[in-house]
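Structure first, then comments.
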Amino acid sequence: MRIGIIGAGQMARALGNGWAAAGHDIRYGRRGDVRAAAEFGDVTLLAVPVPALTEVLGEGSFDGQTLIDCTNAFEPDDGTMVLGEDAVAERVAALAPGARVVKAFNLCAAEVWAADERVFDGHRLAVPLCGDDADALARVEELVRDLKAEPVRAGGLNRARYLEAMSAFVVGMWFAGADARAALPPLEAAFAIAD
Ligand SMILES: NC(=O)c1ccc[n+]([C@@H]2O[C@H](COP(=O)([O-])OP(=O)(O)OC[C@H]3O[C@@H](n4cnc5c(N)ncnc54)[C@H](OP(=O)(O)O)[C@@H]3O)[C@@H](O)[C@H]2O)c1
């Protein structure tokens with residue numbers, strides 16, 4: 001695939017290097033050069049701080065593209081953060097008419113994607129995806145598998161706000177030195193009576 005990446009920081013490089021290694025063509029859009037990346041891809045990754053979104057989305061047309069939103073509206077960007085905004089992905093969709101927005105990759109730190117490890121305690125790392133367009137979701141699933149992780153469909157774009165909130169909560173636990181996974185039972189033990 002041709003993948004445009006808007007931003008050239010930690011997330012842009014960690015995911016971009018992984019996709020390049022899987023054989024995809026990558027073009028980065030740095031500050032002042034966003035349009036080239038916006039017009040390059042079948043898929044575009046937004047990897048900029050949330051306050052930059054309005055500006056960068058105004059610099060290109062994303063009509064018909066798969067637009068991956070990995071952003072988090074953390075304020076401040078440390079363990080005490082709350083969300084400055086509840087539904088960034090829905091705002092992205094409103095700012096990019098015709099784009100097929102998928103929320104993905106907002107949970108794990110860039111360091112996770114820059115490293116090779118994908119299996120932890122015998123479980124392959126899962127990447128929840130929220131989006132409304134079946135073709136776009138299938139494309140992002142492929143890109144998740146190219147990074148040796150496992151995609152999980154987690155509902156429509158109207159559920160992305162919960163994925164954004166989950167990120168703030170879980171990252172807060174990690175900053176506090178708690179293992180967020182320890183708070184979640186395995187699927188087979190998740191309900192007293194299985195549905
Ligand atoms: N880092 C993580 O572990 C992590 C994990 C999950 C999600 N995220 C989310 O991913 C997004 C990117 O995070 P990051 O850690 O990769 O940030 P970063 O390392 O600070 O990189 C941000 C990039 O965005 C560029 N940028 C900022 N404002 C811009 C503008 N107006 N126009 C064009 N480019 C602009 C920066 O360019 P300059 O260098 O010129 O400022 C830089 O290349 C954020 O929304 C963050 O919440 C991060």
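Each reported figure results from applying straightforward, stated rules to the coordinates on display, with no laboratory input. Quick caveat, the model's predicted, so the values are computed rather than measured. A quick note on method: Cβ atoms are made from the backbone with ideal geometry, for glycine too, and the neighbour counts reach across all protein chains shown.
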Other residues with Cβ under 12 Å from the Cβ of R91 give, with Lys and Arg +1 and Asp and Glu -1, a net charge of -3
Rounding to the nearest 20 debye, state how big the charge dipole of segment 2-189 is about its Cα centre with +1 on each Lys and Arg Cβ and -1 on each Asp and Glu Cβ.
-> 220 debye
Estimated [θ] at 222 nm from DSSP helical runs (n ≥ 4, -39500 (n - 2.57)) normalised by residues in the chain, nearest 500 = -9500 deg cm²/dmol
Along the charge dipole of the chain, Cβ charges K/R +1 and D/E -1, which of P128, A183, L83 sits furthest on the positive end?
-> P128
How many percent of all Cα-Cα pairs in segment 2-189 sit more than 29 Å apart?
-> 16 percent
Please list the non-local residues whose amide H lies under 5 Å from the amide H of L45, H modeled 1.01 Å from N, same-chain partners needing a gap of 5 or more.
-> G4, I5, I6, I68
Taking R27, R100 and counting other beta carbon atoms within 10 angstrom, the fewest-first order is R27, R100
Relative contact order (percent) for segment 2-189, with alpha-carbon contacts under 8 angstrom and 6 or more residues of separation?
-> 20 percent
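Cut-off is 10 Å between beta-carbons; in what order do K103, K148 appear when sorted fewest neighbours first? Walk me through the numbers on the way to the answer.
Values: K103 31, K148 14.
By the 10 Å Cβ count, ascending: K148, K103.
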Label-point gap, in nm, between A134 and M166 - each point 7 angstrom along Cα→Cβ | 2.3 nm
Take M11, M1 and order them by how many other Cβ atoms sit within 10 Å, fewest up front.
-> M1, M11
What angle, in degrees between 0 and 90 and rounded to the nearest 10, separates the Cα long axis of helix 160-175 from the longest principal axis of the Cα atoms of the chain?
-> 60 degrees
